[in-house]
1. Compute the distribution of all C-alpha to C-alpha distances in region 220-326, in bins of 5 Å from 0, and list the percent of pairs in each, rounded to whole numbers.
2. Report the calculated FRET efficiency for Glu292 and Phe510 (r = Cβ-Cβ distance, R0 = 51 Å), to the nearest 0.05.
3. Among Ser272, Ser199, which comes first, second and so on when ranked by fewest other beta-carbon atoms within 10 Å?
4. R0 = 41 Å: FRET efficiency of Asp261 with Ala567, Cβ-based, nearest 0.05?
5. Which percent of Cα pairs goes in each bin when the distances of region 158-290 are cut into 10 angstrom slices starting at zero?
6. Run through region 158-187 and list the trypsin sites (Lys or Arg not before Pro) located in a DSSP loop whose Cβ has at most 16 other Cβ atoms within 10 Å.
7. Of the peptides 231-241, 601-611, how do they stack up when ordered by the mean number of other Cβ atoms within 10 Å, highest first?
8. Once fully extended, how much extra length lies between Ile481 and Thr424, figured as 0.36 nm per residue of separation less the alpha-carbon to alpha-carbon distance?
Amino acid sequence: MPEIRVLPETVANQIAAGEVVERPASVVKELLENSLDAGATRIGIEFRHGGKALIAVEDDGCGMTPDQALMALEMHATSKIRNAGDLDEIRTFGFRGEAVPSIASVSRFTLRTRTAEALGGTELVINAGKLVHQKQTGMAPGTRIEVANLFHPVPARLKFLKSQNTESAHITRLVRLYAVAHPGVGFRLIEDGQEVFRSPADATLHERVREIWGAAFAADLAPLEPAEASGMRLQGLLGKAGASRATRQEMVTIVNGRPVDSRVLAYALTESYHTLLPRGRYPLAFLLIDIEPHWVDVNVHPTKREVRFRDEGRVRQFVITTVLRHHNLAPAPPTPPEPERLPDMPAHTGIEAGASMEPAPDATAGGVDATTPPAPTPPEPGPGEPSARAQAPRISPMPPAVASPATPPAGAYRFDWRLAGRLTHNLALFETPAGALVILGLRAAAARIWYERVLQRVQNGQDEPGAMPAATFSQQLLLAIPMELDPIVASTLRERQALLQQVGFHVEEFGRNFFRIQATPDWLPSAMPPEETLRDMLAQLTHRPGDLHPAHPARELLAKIAAEHAAAGAIPADPEYAISTARELFHCRQPTVCPRGKPVFTELTRSELARRLGL
């Protein structure tokens, strides 16, 4: 029988290093986090040959005494926690006490440190886990750690590292992420003697992104208004509608100052941009969420790369609601009731306190009516032509209780274009007051208008006092449609029956996992089978648990409906149809993209035209 032995400390440390130190970027991460825990306001990082030859991290933090410096080289020696209960309230980056001894066991490790009270500093040199010497040294308060010849005691690990360019890219990206996560700390990164970037302390988040990623990248981002919920706070930068990437590399999620990979946050972001980007594209985002430490578990992965939330549904809902509100796609928080009207004011004048009594400028003069315009009216059909209603069916106007005709929706844009002509049946050419040319896709514009009309009905079904009841959005069926569901989907239907009724579906249980559709939404096209539509919605509801916004689970379906309506029949050739469609588009919350996330129009500015024509 083989003899059981205790591994030597050096071997044990090198094995532990395999979990903590995966590549040179892991060394930078651990040392950088220690600098942040030490209260540093300036951090300098230097590396050579992809981090294999040298990694140096210097800070102006609190430093260590000689005894503390020696203790830091012991496995599981830490100042961050004292007992197992502290794991529920982790407020620091490091807490296991594994990183420093693990790194020192697989490199030539030099530690120089000094506290503000000490007259001199301490220098320790460790080679492959063995102390070479300890001496006093002169230095400014803070700590500098140099890691040379990484993995030279374990040559097998070197074979699994990537090329120098790849390892350098990982280090650069890592430092960028931590620089964004901590705008109040100054960062300087040097590669092979050349400065990659330098960012001073106290920079705003947008300024830091501009300094590190460039002005063109920062131009596609807009500040997210900070939002708070019980125990959570969300802020950051979000990509504008239409700005996207083919990968998730620019979807940065930071939890309590720690860049992490989180499926919950990644899903919330992609779902929030569902109708703003084409399928397969991902948004730009720098999302910073601060959450109570006992709500998040960072002790999931050895490198602390992943986190787990105690209430994932709550976090997901908070992020989705905040991002949708940022893009004017979700209702604003409830507001206090309006004061009672004066007795001599008519009940429905459509005039609000402080509103101008002057007539709105005429659209032909470059202005736009302040009221929500009616649906574009197609021209009367000529002899032998199909009716305009058959060409482009439109939903009935919103009832006054749901959308007041006196006030344009939040985020409405000013329409001041002049129609120059029709390029094709689907493309219209407009001129702006600034002399730019705009090409508008009429089908895409109609799809956006349809989508937001239906979405507004779903959102306002029963949310606002005095809103129309859900029954108004339904039409009774002469014959009920039977439908049998599997147990999981049937359970979802029972739990979300109130939401489905708000959307316009009235479903009655008629046995074990057997139901009958009694009424369908009045906005559902006759070409779409109600049973198939309801099954699609239930499938989305089943795979998206949590208290999401009522419109959220149906967004894919609503986009499909909008696209089908916009594609039905021919587009009227009357110029007034193009003008009225463009005007109505600019009263949408997101007029720049269709429900599928593709652009609705493209613009050629005067300077761009001059450049192309060589003027």
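Each value in this text was obtained by applying a stated rule to the coordinates, not by laboratory testing. Keep in mind that this is a model prediction, so the values were computed, not measured. Here the Cβ positions follow ideal geometry from the backbone for every residue, glycine too, while neighbour counts run over all protein chains shown.
1. Spelled out bin by bin, region 220-326 gives 2, 13, 25, 26, 18, 11, 5, 0 percent.
2. Values: r = 46 Å, r/R0 = 0.90.
Result of the calculation: an efficiency of 0.65.
3. Details: Ser272 25, Ser199 21.
Going from least to most buried by this count: Ser199, Ser272.
4. Working: r = 39 Å, r/R0 = 0.95.
That gives a FRET efficiency of 0.55.
5. Histogram of Cα-Cα distances, whole percents per bin: 11, 39, 35, 13, 2.
6. On the way: sites: Lys159, Lys162, Arg173, Arg176; in loops: Lys159, Lys162.
The qualifying sites are Lys159, Lys162.
7. Numbers: 231-241: 19.5, 601-611: 12.8.
The peptides rank, most packed first, as 231-241, 601-611.
8. Numbers: separation 57, 0.36 × 57 = 20.52 nm, distance 4.26 nm.
My answer for the length gained is 16.3 nm.
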